[in-house]
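Participant: Structure below; questions to follow.
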């Protein structure tokens, strides 16, 4: 299965630990190494990494890392990395024509999340988002920064950092059909919203986003 990793942002929260978010080290591995190796251990085999800020450093690292580990890594450049992260997703539009995992480079996570997510059955117009319904006692969450979701009967009704009514958190792990690309484009056209959440909101309005509750599994953004 293919895996799209968003690694284009500046990562201001991690600035004190390095000038390139994907290359920040945690317990002996850079975030990009940890993300790819964990995904590989879950059976993902083709990696598409979208780079932006300090992209030349990240791409050089990926070239060496891919050769050393014999990994299939395609580097993608997003020159508009300062805009919404949905633009990073769109950069992979011509490369992904089947279901794929979408994830963020700077999230730490229990591999069971990916194992559960990748084996889900998905319709051709659907997206599945792994959510955490433990919204009352998760001490690892920055409530002002985390993306919130409203879920009802296993379907996502709303998503955003500033929504008032929510009952779960967006963990940043998605199983996508290619419909995500058209949804982001529609979000840009209709709402001038180039974020991934904007695209998810478009699909949610069409009843096309399912929630997979992974509460109990570790994750941190």
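The values are calculated or read from the model by the stated rules, or taken from the named source; none is laboratory data. Nothing here was measured: the structure is a model prediction, and the numbers come from that model. Cβ atoms come from the backbone with ideal geometry, glycine included; neighbour counts cover every protein chain shown.
Participant: So, of the residues in the range 58-73 that are more than 20 Å from residue 101 (Cα to Cα) and in contact with a strand residue (DSSP E or B) (Cβ under 9 Å, 6 or more places away or on another chain), which turns out to be surrounded by the most Cβ atoms within 10 Å (Cβ to Cβ)?
Facilitator: It comes out as 58.
Participant: Residue check: is residue 131 outside the structural domain of residue 9 (by TED's automatic domain parsing) and in contact with a helix residue (DSSP H, G or I) (Cβ under 7 Å, 6 or more places away or on another chain)? Before the answer, list the steps.
Facilitator: Numbers: outside the structural domain of residue 9 (by TED's automatic domain parsing): yes; in contact with a helix residue (DSSP H, G or I) (Cβ under 7 Å, 6 or more places away or on another chain): no.
No.
So that you can scan it fast, the table gives a plain yes or no per residue for (1) farther than 23 Å from residue 95 by Cβ; (2) outside the structural domain of residue 214 (by TED's automatic domain parsing); (3) touching a strand residue (DSSP E or B) at 6+ places or on another chain (Cβ under 6 Å); (4) surrounded by fewer than 15 Cβ atoms within 10 Å (Cβ to Cβ):
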residue	(1), (2), (3), (4)
114	no, no, no, no
126	no, no, no, no
136	yes, no, no, yes
146	yes, no, yes, no
158	yes, no, yes, no
163	yes, no, yes, no
176	no, no, yes, no
186	no, no, no, no
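Participant: Also: What pairs come out if I take residues in the range 138-160 that are at positive phi and pair them with residues that are assigned to a loop (DSSP other than H, G, I, E, B) and buried (at least 18 other Cβ atoms within 10 Å of the Cβ) whose C-beta lies under 9 Å away, six or more apart or interchain?
Facilitator: Note: pairs meeting the criteria are 160/147; 160/166; 160/195.
Participant: Applying the selection to the range 146-169, what residues are closer than 20 Å to residue 187 by Cα and in a strand (DSSP E or B)? Step through it out loud before you land on a result.
Facilitator: At the first step, the residues of the range 146-169 found to be closer than 20 Å to residue 187 by Cα are 147-150, 155-163.
Residues satisfying the conditions are 148, 149, 150, 155, 156, 157, 158, 159, 160.
Participant: Go through the range 203-215 residue by residue and tally those that are out of contact with any helix residue (DSSP H, G or I) (no Cβ under 8 Å at 6 or more places or on another chain) and over 18 Å from residue 143 (Cα atoms). Walk me through it before giving the result.
Facilitator: Within the range 203-215, the first condition is being out of contact with any helix residue (DSSP H, G or I) (no Cβ under 8 Å at 6 or more places or on another chain), and the residues that meet it are 204-207, 210-211, 213, 215.
With over 18 Å from residue 143 (Cα atoms) added as a condition, the list becomes 204-207, 210-211, 213.
Within the range 203-215, residues that are out of contact with any helix residue (DSSP H, G or I) (no Cβ under 8 Å at 6 or more places or on another chain) and over 18 Å from residue 143 (Cα atoms) number 7.
Participant: So how many residues does the range 188-202 have that are out of contact with any helix residue (DSSP H, G or I) (no Cβ under 6 Å at 6 or more places or on another chain) and either within 20 Å of residue 131 (Cα to Cα) or buried (at least 18 other Cβ atoms within 10 Å of the Cβ) (or both)?
Facilitator: Final tally of qualifying residues: 4.
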